[in-house]
Every structure is written in structure tokens, then in C-alpha cells.
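The values are calculated or read from the model by the stated rules, or taken from the named source; none is laboratory data. Model, not experiment: these values are computed from the prediction. Cβ atoms come from the backbone with ideal geometry, glycine included; neighbour counts cover every protein chain shown. Just the protein is used for accessible areas: all its heavy atoms, side chains included, with ligands, DNA and RNA removed. Shrake-Rupley method; radii C 1.70, N 1.55, O 1.52, S 1.80 Å.
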Amino acid sequence: MAAKGRIPQAFIDDLLSRVDIVDIINRRVSLKKTGRNYSARCPFHEEKTPSFSVNPDKQFYYCFGCGAAGNAIGFLMEYDRQDFPSAIDSLAHSAGIEVPREEASPQQIQQQARRKTIFDLMEQIASHYQKALRDHPKAQTAVDYLRKRGLSGQISRDFGIGFAPPGWDNLLKQFGTTEESRQQLLDAGMLIENDDGKLYDRFRERIMFPIRDNRGRVVAFGGRVLGDDKPKYLNSPETDIFHKGRELYGLYEARQFYRKLERVIVVEGYMDVVALAQHGIRCAVATLGTASNSDHLRTVFRYCSEIIFCFDGDEAGRRAAQRALENALPTMEDGRSIRFLFLAEGEDPDDTVRRVGGTGFEALVAQAAPLESHFFDSFAQQFDTNSMEGKARLAKQASPMLAQLPNGVFKELMIEELAKRSGLRRQALEELQREATPPQSAPPRDPDTASRAATDTAPRSGKLIKKLPEGQRDANLFALAMLLYTPGNIAREYSTNHQWDTDIPAAALLHNILDLLRKRPDSTTAMLLGHWHGQKEYQLLTEALKTIELLGPSLDDERAKQAFFDTIDYFERRKDVLQLEEQLKALRDSEEVDKAHRANYAELSDEAKSKLRAIQQLLERKHQR
């Protein structure tokens, strides 16, 4: 079958203009009119009070609880678990129109075919390993190992566990019969090429665990050694289809088992995941050779509202817990829960659940420490937090960490608790946070803080930005939100004179959106979300949607447009002040001017007098600004 061409962007834009996101979502989730928006309990995480909002004017949704956000296409992808083309097909069907396809270029056809072939190949390899576990003459060692670990045939089938037999070329012989197929195996990370150009199997004599993405496709493998080879656990390398910093082993299987996940237990290894599943705990996931990062946690929070980290109770486990804590803080929106479970020293979850059983393990999970307790206890284990010196260290070290928390009730309570434990006033703690957190939107030499960034603009935008929590007042993010709210109005009046600092991600995205709007001035909010869906910049757009929702009824097209240009004016004024400061510094660093401070004015040279007058004029100009 010929490869399908790309869906034209113009068609996607037109489709989004035809459908109503309220209608699309209301068919799946019961919406209630609340002011000018619609609300419901979020379909992507468990909650008791509605935090899911749908904006009919701008055609987007946003959840304050889990951060889910997007347009109609994104909703169908998340709720109906469809890929992008399937979501477009569903929307087009509801609108009664057919989806056109651009004729694919030879390069696009080749790329599509290559990715599809690799996905198909990985599925075939997974089946090959599973068959080897059943039929290979040397599979008994693997079968005995799995039985010894207490795994049933059903659990092995549920997780697709297989066996890579001993030998250097089993996979090579089975799937690498042509030059093209050998290259595909290399691209998939299943073969290794040595310095002499010889190819051999990456996985040999190992229990094999297929790693699936959120759509259930096999993207990589993990292998547990049976012999004496090192390392004990081996993962596929990063490839075009596998990025270990994004995937979690067992998450797809957990989502398949539970229609609605209530919680996820994060463990270290594949055997921990399957051992817990064997004892009826089907909600465990494992990272793939990396610490749990914020991307992992945001992914999990899309499906549930509680995460339990499970660690060995030894020193290595404590260090891993500290890294997990640091990565968890930026994700702790109100309504979410993160807890920490430390097992007996020297035991992993596999050992523990086999010793105490599923019910016993559930009892341990129930005793897991909430994030707030673990946060403060971790400092108490390092130094005496009751002494005056310890309280000072606690305040100094904990304040910057709490600054990473999203604004909300939980952050307020954590700051209050730190004030209570350290004996410092809240204002002193906030000052420590400001000292430790450089402003994101400001160049390194700019002393202004990000939280103050846009409040120096004209009164209208100042009133708007003051309605936002301090952590949501970044100037570039604020401008991005205003542009996303009313892109057409701003595009019609925007000139290209302003130079965006593209080293700042939000500013770089602003520049790119404005560049797109010059070519497509009629783009709407929903169209812009669709254009950047699936790209790394989409997280910034999600933050911008949050800003829009926080402003609520106080925002309209005219106010958003005025606030955007007021913020541009602020950037320009700030740039002028920076230039003045650089000139002042250059003059002050001048050796002759330094001498002038110690000499009578009449004794100065004409050049020194000229430089002093210049300094005085620059200071007057800076004061006027």
C-alpha cells in the first residue's frame, strides 16, 4: 500500500474552525455552563470538585488539577486514545467532510515507511522472544528463573515477557537477511556494530521485557541477564522511536488493566513491576535507567492524581528519593498527591511483596509518607533542625526548593510550615527564594525579577498581571498568553521592530508564532495549539492557557491586545535602561574618571570633565525612565 501523504495544514485549520469543542467534549463528558465557560470534573484525573474548563470563544480546554490542555484534536487524542491522523478523521467525520491528503514526497514516503517498518519489526521481535520462551531448547533456564520469582504464565503473557537465547547472531539470522533489514535492526537498536564492522545481537541469554509507548507499540526492550554477563539489566539505546526520558515501563499495561487509574507506584526495575502485578498490584511502573523526571511525573498525572515512590531503605535509596523529590516539586499542583515508601534495607519491591504478599504490601503503601513529611524529615536527617544554626540551614536550603512549587494552596501551606519550623517571617523566606531564583525572562545583567517583569508597563496590563499569582507573572509568558488569546488582532498591528531574546524559550516561541502569523494572519487559538501539538514548545502553550484561565472574565480581545503591546513597550524600555547601565559602567571603569573622584574639578583634563558630564546626563536619563 502506498504511504499516505500529510494532511494539509490549511484543512486542519479549516476543520478546527468548523467544529465546536464544547460539542465534541460534551458528547463524552457532561459539561455545565459556568459564566462564559463550561466546566466539569476532569476526565483525565480523579477529582471531587470540577477543575476542568472549556473555553467556547477560544476553542480550548484546560484543567487546573492536572494541567491537561489543548484543542478539539488534542482532546480526542487523549480521551479516545487516538493518534493524530485518527483524531483528524474523527473530527472530519463529525463535520461531514472528507480528509484530503497531500501527495507525499519521496523523502516523506521513505520516512513513513521506515518508521512503520521499525514498529512492525519490533512487534515481530517481541513475538519472536515470546515464542523462544515457550519453544527454544535452552529456554528452561529462563522458565525456571521466572517460576522461582513466582511469576505465572498469565502475568508473563500480559507483559509479553520473552527470552533471548544464548548466541551472537540469533536475531541477525532471523531478521537480518538483507542489507536493508540489517540496517533496520541497527536503527531499532537491536544490533551492535563493532570497530571491525561486524554485526551481532545486542541481547543474548536474557529475560526480555518489551517496552511499550502510550499507544501500546513496542519501542524498545529491557533484558535481565541469566548468566554472568554484565550489566545485570540492559536497555535498548535511544532511537528514533524510543526516548528513555519519556517512557515508563508498565504504564501502558496499567492503563489497559484499569479504566481509571487511581494511583501509580513508581519502582526501579521491570521485575518489581511484574512481581507486584503477580500479587494483584497492577499499577506499578518503572523508569528506564534514569531517575524519575518531571516529564515522567506529568505523564503519570495525566492518568491519576496520586504517585507513590517506592525505594530501598539504604543510602542509595535515600539519594534516589532526594532526586525524585526535587523533580516532583514543580509538578505538585493542588489536588495531586505524592508519597514516599521506604522498604526494609536491602529489599526491593519484588523481595518485599513475595515476603509479605499483596495485602501486606498494600498495608505498607498505606503508610507511605506524604511529600510534605518526607520533605522536612529529609533535612532533619542531615542536621539538627531544632538548633538555631540548623533552623538557618533549613530556611536557606528549603526556601529555594519551595519556590519550585506551582502557586496554590499546597505551596502556601508549605511556606507557612517552613516559617513555623525555622522561626523566620514569611517575608524573609520569600526574600531567600528571590535570591536563589534568577528571573527567567531577564538577561543575566538585568536586576529586575521575573515576577515584576510586566508590572512596570502601562496601567492596563499592570492591572491584568497583578491578578495573577507571583509565579505566573513572567513577562514573556504573559505576552505569550496575550498573543495566544487574540492572535489575529495582534498580528494585524504588530511590527517586526522588536528583537526577541531567543535564548529564552518563551521569547523564542513568541518570535516563531508571530512569524507564522505573518504567513497565516487568520490563525486562531485552536489552530496555533494544533500547529505546535506534540512539540516541546507545547508545554509553554499549556502554561499560557493557564494564564488565560486564571485571568478569566477580566480578559477580552481588546485588553489582551493592549496588554501585549504594553509588555513590548516594557521590554524596549528595559533594553534602553540596560544600555544606559552598560555605558555608565564603562565610564565609571575609566581610570581618569576614577582619578576625578580624588581631584579638584578645576584640575581635571577636558576629557575627564567631558566624561563626568556624560555620567551626570546618563544618570538623569535613567532616573527619568
Quiz item: Measuring from label point to label point, each 7 Å out along Cα→Cβ, what is the E412 to D556 span in nm?
Solution: 3.0
Self-check item: Computed FRET value (nearest 0.05) for T359 with R36, which takes r as the C-beta separation and R₀ as 56 Å
Solution: 0.65
Quiz item: What ranking, highest mean first, results for peptides 233-242, 58-67, 383-392 when packing means the other Cβ atoms within 10 Å averaged over each residue?
Solution: 58-67, 233-242, 383-392
Quiz prompt | W168, W500, ranked by accessible area, largest first (probe 1.4 Å) | solution = W168, W500
Quiz item: Per residue, how many Å² of accessible area does the range 501-546 show with a 1.4 Å probe?
Solution: 44
Quiz item: Along the charge dipole of the range 120-229, Cβ charges K/R +1 and D/E -1, which of G222, A164, G153 sits furthest on the positive end?
Solution: G153
Self-check item: Efficiency of FRET from Cβ geometry, Q397 and D89, R₀ 51 Å, rounded to 0.05
Solution: 0.45
Quiz item: Using the alpha-carbon centroid of each, what span in Å lies between the range 327-368 and the range 487-553?
Solution: 41
Practice problem: Would you mind calculating the gained length between E98 and E372 on full extension (0.36 nm times residue separation, minus the Cα-Cα distance), in nm to one decimal? | Solution: 93.4 nm
Exercise. Treat each spin label as a single point 7 Å out from the Cα along the C-beta direction, and report the D240 to Q322 distance in nm.
Key: 4.2
Practice problem: Compute the length gained on full extension between E572 and D351: take 0.36 nm times their separation in residues and subtract their Cα-Cα distance, giving the result in nm to one decimal. | Solution: 73.4 nm
Quiz item: Calculated FRET efficiency, N386 and K466, Cβ-Cβ r, R0 41 Å, to nearest 0.05?
Solution: 0.55
Exercise. Can you find, among F342, A369, V409, the residue farthest towards the positive end of the dipole of the range 294-444? Put +1 on the C-beta of Lys and Arg, -1 on that of Asp and Glu.
Key: V409
Quiz item: Short version: ³J(HN,Hα) in whole Hz for each residue of the range 216-229, in order, from phi by Karplus 6.51 cos²θ - 1.76 cosθ + 1.60 (θ = phi - 60°), x for Gly and Pro, what are they?
Solution: x, 7, 6, 10, 6, 9, x, x, 9, 5, 9, x, 9, 5
Practice problem: Using label points projected 7 Å from each Cα along Cα→Cβ, tell me how many nm separate R147 and R18, to one decimal. | Solution: 6.0
Exercise. Please give the peptides 394-400, 477-483, 7-13, 273-279 ranked by average Cβ packing (other Cβ atoms within 10 Å per residue), highest first, as a rough proxy for protection.
Key: 477-483, 273-279, 394-400, 7-13
Exercise. Run through all the Cα pairs of the range 261-311 and give the fraction in each 5 Å bin from 0, expressed as whole percent.
Key: 5, 22, 33, 25, 14, 2
Quiz item: What does the accessible area per residue of the range 304-348 come to in Å², with a 1.4 Å probe and no ligands, DNA or RNA counted?
Solution: 36
Quiz prompt | Net lengthening on full extension, N194/K138 (0.36 nm per residue, minus Cα-Cα) | solution = 17.5 nm
